[in-house]
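In what follows, a structure is listed as structure tokens, so that the remarks can point back to it.
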Amino acid sequence: MSVAAVHPGGIADHIHPEPQGFVRRYVFSLDHKIIGIQYIITAFVFFMLSGLLAEVIRTQLLNPNGGFVSSDTYNEVYSVHGSAMVWLVIIPLLTGGFGNLVFPLQIGARDVAFPWLNMLSFWIFPVSGLMLFASFLMGAPTAGWMEYPPVSLQGAAGTSMWCAAIFLVGVSSTMTGINFVVTILKMRAPGMTFTRMPLFCWGQFATAPLLMIATTALAAALAALFIEREFGVPFYDPTKGGSPVMWQHMFWFYSHPAVYIMILPAFGIISEVLPTFSRKPIFGYKLIAFSSMAIALAGFMVWAHHMFTSGLAPFLQLPFMILTFVIGVPTGIKIFSWTATLFGGKIHFSTAMLFALGFIGLFTLGGITGIFLAAIPFDLHVHGTYFIVAHLHYVLVGGSLMGVFAGMYYWFPKMSGRLLNETLGKWHFWLFFLGFNGTFIPMHWLGMLGMPREVATYDPQFAFWNRFESVASYLMAFSILLFFVNVLWSIRNGKRSGPNPWGGRTLEWQIPSPPHYYNFKHIPTVYGLPYDFAQPLPYKGLDEELTDSPPAVAAGAH
Amino acid sequence: MVEHKAQPAGLSGGFWTVTAILTALSIAAIVFWSIFPLEKYLPAAIITARQVDLLFRFMAASGSALWIFVAGYLLYFSIAFRARATDPPDAIGLQVHDNHKLEFWWTVIPALFVVLLSIVSVRIWYQVMLEPENGIVVQAIGHQFYFSFRYPQINGEVTDEMHLPRDVPVTLNLTSADVIHGFWVPAMRLKNDTVPGLVTTIKFTPIRDGRYPIICTQFCGVLHSEMDKQYLVIEEKPAFDAWFKKWQEKNAHASNALPSAGGGAVALQGGNASAGKALFAQKCSACHKVAPFSQTLVGPGLAGVLHDPSHPNLVNNQPATPQNVAGILQNGFTGSMGTMPNATANGLSRQDIANLVAFLDSLK
């Protein structure tokens, strides 16, 4: 038995025997990379379903009188669309998906700290997703993804199913959070200090505590809503002594940090893609890393800015407004640093890079309207209108989803050993960019002029722009279809990528694509930041990674 | 990788040309948002609507300028620093890690802007909050799926339109009979939720005659989309008086029962002051003293609540009558001091409320 290297955290380095058989390898796998891919595939299936729901919404809104589906069905459709996109698509893709797939490789670990917990948290996710979609069979929830009581107490039986489904997916998130925090704290390769860690890992490290802490508040709120609906214990019903505003506090105590859960990992993806395709170090590494932590911390202190119209005492609202403005500062630092990263670069316009550049432009717009909304007097005008719908889609689609696509084009070779087709990818980007802006830009002025959100019919004066948006949304849907075609085609026919198609300098690019199940033959030693393109790679012990030699640690060694 | 000579640092003439163009564009955007005729698209029906528009103009102008610079440099850098076919395949960019001076300034300038924006927002917010309250008091009650309105001296509820006289300050108390609704008049640039069990207040002064839609902005059930069919009518005092008189006659025999969330009006005749005193010690004394109004514990002192000439109105701006005090006990109230829980939260029966009101009435 060879002598095992010891990680800085004191965990012995060993390799488990390679799992045998299809089920242990690809279904109930313990390998973080397979689990990451499982997350990505499952989340994209849910993405397709809730994307179809989005097109039902837009088709209904082609006409002021609706008429495509009934009001009740429409309410179910947008409620499930919102819930699924948040909890079954964006969060799992960015944390369970790309998080699992990439960051253990980037810190030079063989797996996450708790592989069994990882497998469990993955398998809860499709189950809860199916439960959420199954709520259609018993009358889906209708009160939006926020499900404010008391109206959610009146909702059909599926609302309780919704509570259970979101509770479960929250359990899965919490376990992922614990797993990631421990992995990053304890399993970094020798020499991988915090100030040498790639920025994607920093993104995950800022996100994981949010997953761990914030989700518990949501779980409590959901449990209370479920108990009230099913057993009549009055938590929220004011006629029996409950408080409907309590739900809003607990919901947003989770859901505001959740906004950062959905964007910090995307910041991380952008911070990897930009230096690779500019052939330049990321500008202001330390400020980008620490601003992520600042955003995560401040994210816990601003939840009531979602509640300026809820009847809070006025003096309570003031600090929430000002703290929300303050979050603009670290966010601005990131945006300026990314822009400065391009200066003097040798920029290669791969599809991943296009999505990263699109991300900066669109996320900045969403961030600016976020500042608008934090200003109480303006929020009192546009709260609950299409202006909010525009803002949140600029952040979550123009931001998070563009980040996801950048990550897909960037790391698909690492997952599959093949490149996605770049021509189709560029069509995907440009059509998506046009369709997205066409769909969501007009919503800003529709909301300001008087169109409330969550309506199945609307004032005919808004008909022109709604039709415009619907047509643009079909373009966006078509571009996403191109993406799916691209993935399905490239997985069999794509050009072979080799280990490092982009000239990436982080650790995951220094090993074969796809990597061995044990990731590294030798755990490398790290000597510096990965982004110095003029310097040799700051790693030692990687010489045999691309050869046929067997791993240094024998399988089963303990 | 082979060592490369980094390309020379320094800002080329192109950079300054682009900066000049972006500056010009930003100034154009600022001018655009300063003169854009917002009221042509959405009239300003109350005084503070113009203040909110002003805040929007300020934020839209500075936001546009910021975005123009970010997107402009993004585009310019992408084009100017693209890899060219003539570059060697392993060409690298300028190896700059950071620039502390630059980073310092792009932290400090946004931080200063945050201070400025906070000052502007708070000032405008104060104007919205501190509208005078010496005019008419109206209550709007959300129902599935309409709003009803209560006026002093009109019995029962007005159920179609909400009329208000121009240039008279309005105190609008909002509550709900069932679920949470949002009461929004886009022309007022103002909204608040109507929350069952709570009374929330907005204050404003109408300045422009017209008929403005009232729209529900919180999902409230299957017909939520239909809750945009009622209007706020602002008119001259004589026209308002005529409308008011019509409803007084029409509702002459209507019941004044409170909204159903409160369970109807409390009969106050059978109130027992000594039972109320015991109840006060048990249920109210944690937040209220038997002392003058100004002696706040959590809520105000209640010794003179019904008989203090310097406080003719209650915290919800309704006149201090026993029936209105009963209304607060029944429905609760949220104001600048915080939330007074409603009767169900406090565990008060209707007889308890009658007893408490009798006790408060006995304090001179």
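The values are calculated or read from the model by the stated rules, or taken from the named source; none is laboratory data. Keep in mind the model is a prediction, meaning the values are calculated, not measured. Glycine also receives a Cβ, built like all others from the backbone with ideal geometry; neighbour counts cover every protein chain displayed.
Considering the conditions (1) more than 7 Å from every other protein chain (Cβ to nearest Cβ); (2) in contact (Cβ under 8 Å) with a residue 40 or more places away in the chain, A:S310 is excluded by exactly one of them, (1).
Quick one: which residue in A:G417, A:G438, A:G450 is among the small types (G, A, S) and without any contact (Cβ under 8 Å) to a residue 60 or more places away in the chain?
Numbers: A:G417 fails: without any contact (Cβ under 8 Å) to a residue 60 or more places away in the chain; A:G450 fails: without any contact (Cβ under 8 Å) to a residue 60 or more places away in the chain.
Testing whether each residue is among the small types (G, A, S) and without any contact (Cβ under 8 Å) to a residue 60 or more places away in the chain leaves just A:G438.
When residues in the range A:138-154 are screened for being buried (at least 24 other Cβ atoms within 10 Å of the Cβ) and more than 21 Å from B:L198 (Cβ to Cβ), 3 of them pass. The condition (being in a helix (DSSP H, G or I), modelled with pLDDT of 95 or more and within 25 Å of A:V273 (Cα to Cα)) is satisfied by just one residue among A:F103, A:F47: A:F47.
Would you check which residues across the range A:215-240 are of a type in the set (F, W, Y) and loosely packed, with under 15 Cβ neighbours inside 10 Å and list them?
Within the range A:215-240, the subset of a type in the set (F, W, Y) is A:226, A:231, A:235-236.
Scanning the range A:215-240 gives a single hit, A:F231.
Summed over the range B:87-133, residues that are within 30 Å of A:H348 (Cα to Cα) and without any contact (Cβ under 8 Å) to a residue 60 or more places away in the chain total 14. Residue by residue through the range B:173-204, note down the ones that are more than 25 Å from A:L153 (Cα to Cα), modelled with pLDDT under 95 and among the β-branched types (V, I, T). Of everything in the range B:173-204, those that are more than 25 Å from A:L153 (Cα to Cα), modelled with pLDDT under 95 and among the β-branched types (V, I, T) turn out to be B:T201, B:I202.
For the range B:80-108, a residue qualifies if it is among the hydrophobic types (A, V, I, L, M, F, W, C) and exposed (fewer than 12 other Cβ atoms within 10 Å of the Cβ), and the qualifying residues are B:A85, B:F104, B:V108.
One residue stands out among those in the range B:141-194 that are more than 14 Å from chain A (Cβ to nearest Cβ) and of a type in the set (G, A, S): the one that is farthest from B:L223 (Cα to Cα), which is B:G156.
Check whether at least one residue in the range A:173-188 is basic (K, R) and more than 30 Å from B:L198 (Cβ to Cβ), and report yes or no. Yes; the residues of the range A:173-188 include at least one that is basic (K, R) and more than 30 Å from B:L198 (Cβ to Cβ).
Candidates in the range B:39-54 are the residues that are in contact (Cβ under 8 Å) with a residue 60 or more places away in the chain and out of contact with any Leu (no Cβ under 9 Å at 6 or more places or on another chain); of these, the one that is surrounded by the fewest Cβ atoms within 10 Å (Cβ to Cβ) is B:P43.
Yes or no, residue by residue, for (1) closer than 19 Å to B:S176 by Cα; (2) touching a strand residue (DSSP E or B) at 6+ places or on another chain (Cβ under 9 Å):
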residue	(1), (2)
B:G299	no, yes
B:G304	no, no
B:N317	yes, yes
B:G347	no, no
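Annotation for the range A:498-517: at least one member residue is buried (at least 20 other Cβ atoms within 10 Å of the Cβ) and of a type in the set (G, A, S). From the list A:M402, A:M415, the one residue that fits, being more than 29 Å from B:W184 (Cβ to Cβ), crowded, with 24+ Cβ neighbours inside 10 Å and of a type in the set (A, V, I, L, M, F, W, C), is A:M402. For B:F113, the conditions (1) outside any helix (DSSP H, G or I); (2) at pLDDT 90 or above; (3) at the interface with chain A (Cβ under 10 Å from one of its Cβ atoms) are fulfilled apart from (1).
Kindly state which helices (runs of 4 or more DSSP H) lie completely within the range A:351-427 and contain at least 1 residues that are more than 10 Å from chain B (Cβ to nearest Cβ) and within 20 Å of B:F77 (Cα to Cα).
Working: elements: A:351-374, A:376-382, A:386-395, A:402-416.
Qualifying helices (runs of 4 or more DSSP H): A:351-374, A:402-416.
Looking at the range A:50-76 only, could you name the residues that are farther than 19 Å from A:L222 by Cβ, assigned to a helix (DSSP H, G or I) and touching a residue at least 40 places away in the same chain (Cβ under 8 Å)? Walk me through how you get there before you give the answer.
First, the residues of the range A:50-76 that are farther than 19 Å from A:L222 by Cβ: A:50-75.
Still in the list and also assigned to a helix (DSSP H, G or I): A:50-60, A:71-75.
Once the filter is applied, which keeps residues that are farther than 19 Å from A:L222 by Cβ, assigned to a helix (DSSP H, G or I) and touching a residue at least 40 places away in the same chain (Cβ under 8 Å), the range A:50-76 yields A:G51, A:A54, A:E55, A:R58, A:T59, A:Q60, A:S71, A:D72, A:Y74, A:N75.
Only one of the numbered conditions (1) surrounded by 22 or more Cβ atoms within 10 Å (Cβ to Cβ); (2) in contact with a helix residue (DSSP H, G or I) (Cβ under 7 Å, 6 or more places away or on another chain); (3) under 26 Å from A:W252 (Cα atoms) is not met by A:F355, and that is (3). Scanning the range B:203-232 for residues that are part of a strand (DSSP E or B), buried (at least 17 other Cβ atoms within 10 Å of the Cβ) and not polar (S, T, N, Q) turns up B:K203, B:F204, B:P206, B:Y212, B:I214, B:I215, B:C216, B:L232.
Kindly establish whether A:L132 is touching a residue at least 60 places away in the same chain (Cβ under 8 Å) and buried (at least 20 other Cβ atoms within 10 Å of the Cβ). Answer is no for this residue.
Checked against the criterion of being among the aromatic types (F, W, Y), more than 24 Å from A:S79 (Cβ to Cβ) and touching a His at 6+ places or on another chain (Cβ under 8 Å), the candidates A:F468, A:F483, A:F464 yield just one match: A:F483.
Once the range A:321-343 is narrowed to residues that are surrounded by 22 or more Cβ atoms within 10 Å (Cβ to Cβ) and either touching a Cys at 6+ places or on another chain (Cβ under 6 Å) or over 17 Å from B:W106 (Cα atoms) (or both), the residue that is nearest to the other protein chains (Cβ to nearest Cβ) is A:M321. The number of residues in the range A:208-223 that are at pLDDT 95 or above and either among the β-branched types (V, I, T) or over 23 Å from the mean Cα position of the chain (by Cα) (or both) comes to 1.
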